[in-house]
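J.: Here it is, the structure, as structure tokens.
The values are calculated or read from the model by the stated rules, or taken from the named source; none is laboratory data. Remember, it's a predicted structure, so these values are computed and weren't measured experimentally. Every residue, glycine as well, gets a Cβ built from its backbone with ideal geometry; the counts of neighbours run over all protein chains shown. These area figures cover heavy atoms from the full protein model, side chains too; ligands, DNA and RNA do not enter into them. Shrake-Rupley method; radii C 1.70, N 1.55, O 1.52, S 1.80 Å.
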Amino acid sequence: AVGVARALGGEHPERRVLGIDASHAMIQQASARLRGAAADVANHVHVSTGDMMALPAPDGSVDLITAGYGVRNAPDPVLAIREAARVLRAGGVYITLDFYRPEFWLWRQTLLRYLSLAGNLVGWAWHGERVVYGYISRSIDHFMSWQAFENELNRNGFRTQSVRRWLAGGVAMHVAVRV
């Protein structure tokens, strides 16, 4: 969250930027990084422990929301989409990047097995804990396809502007506008 928040803060010093994460440890790391940022960025970029299903903003008060590999991890992804729709003003932009569950069964099985093996290996090698990245394949298997995600966006107050896909739809970036 902090990398995107810092980039947005650097590009738009006139705006207030808030980065949220459900993990307090991640927010502590983000706060430490912000202390090392330029004063003009550090003064208007803030980070806080938060819940994407209960954003700390009034209705229609936000211009842009980004979520990188986050909606998939929400206990209720559709509620996270609805909450983004609640706080975004009309014309506001919602950009998400995430892993998705491929619809074609053979590709889904191949991708999930690869990510399980790779995630366990990288988690063990980098952190001494397989679970650090090993959970990713399981979370994808319980998520939705990029097509279903786009349908949820459109059902919940958004108009999809673009979808960019990688890995045959295993990863996708949606850009949607609040109508």
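J.: Can you find even one residue in segment 137-154 that is at pLDDT 95 or above, in a strand (DSSP E or B) and touching a Leu at 6+ places or on another chain (Cβ under 6 Å)? Spell out how you get there, then give the answer.
T.: Filtering segment 137-154 for residues at pLDDT 95 or above gives 137-154.
Checking which are in a strand (DSSP E or B) leaves us with none.
No, the conditions are met nowhere in segment 137-154.
J.: Scan (1) charged (D, E, K, R); (2) exposed (fewer than 15 other Cβ atoms within 10 Å of the Cβ); (3) in contact with a helix residue (DSSP H, G or I) (Cβ under 8 Å, 6 or more places away or on another chain); (4) closer than 20 Å to Ala22 by Cβ for the single condition Glu103 breaks and write down its number.
T.: All conditions are met except number (4).
J.: With (1) in contact (Cβ under 8 Å) with a residue 60 or more places away in the chain; (2) surrounded by 19 or more Cβ atoms within 10 Å (Cβ to Cβ) as the list, and Gly68 as the residue in question, which single condition is left unmet?
T.: Here Gly68 clears every test but (2).
J.: For segment 71-100, enumerate the residues that are β-branched (Val, Ile, Thr) and either open to solvent by 10 Å² or more (accessible area, probe 1.4 Å) or in contact with a helix residue (DSSP H, G or I) (Cβ under 8 Å, 6 or more places away or on another chain) (or both).
T.: Residues of segment 71-100 that are β-branched (Val, Ile, Thr), as a first pass: 71, 78, 81, 87, 93, 95-96.
Residues satisfying the conditions are Val71, Val78, Ile81, Val93, Ile95, Thr96.
J.: Quick one: Ala172 ticks every box in (1) among the hydrophobic types (A, V, I, L, M, F, W, C); (2) assigned to a strand (DSSP E or B); (3) open to solvent by 20 Å² or more (accessible area, probe 1.4 Å); (4) touching a residue at least 24 places away in the same chain (Cβ under 8 Å) except a single one, so which number is it?
T.: Single failed check for Ala172: (3).
J.: Checking Thr160 against (1) touching a helix residue (DSSP H, G or I) at 6+ places or on another chain (Cβ under 6 Å); (2) crowded, with 17+ Cβ neighbours inside 10 Å; (3) of a type in the set (Ser, Thr, Tyr): exactly one of these is not met. Which one?
T.: For Thr160, the exception is condition (2).
J.: Quick check on Ala172: is it closer than 13 Å to Val71 by Cβ and in contact with a strand residue (DSSP E or B) (Cβ under 9 Å, 6 or more places away or on another chain)?
T.: On the way: closer than 13 Å to Val71 by Cβ: yes; in contact with a strand residue (DSSP E or B) (Cβ under 9 Å, 6 or more places away or on another chain): yes.
Yes.
J.: Does Gly9 qualify as being open to solvent by less than 40 Å² (accessible area, probe 1.4 Å) and not in a helix (DSSP H, G or I)?
T.: Values: open to solvent by less than 40 Å² (accessible area, probe 1.4 Å): yes; not in a helix (DSSP H, G or I): no.
No.
J.: Filter segment 123-143 down to the residues that are surrounded by 15 or more Cβ atoms within 10 Å (Cβ to Cβ) and farther than 21 Å from Val71 by Cβ, then identify the one that is nearest to the chain's Cα centre (by Cα).
T.: Selected residue: Gly123.
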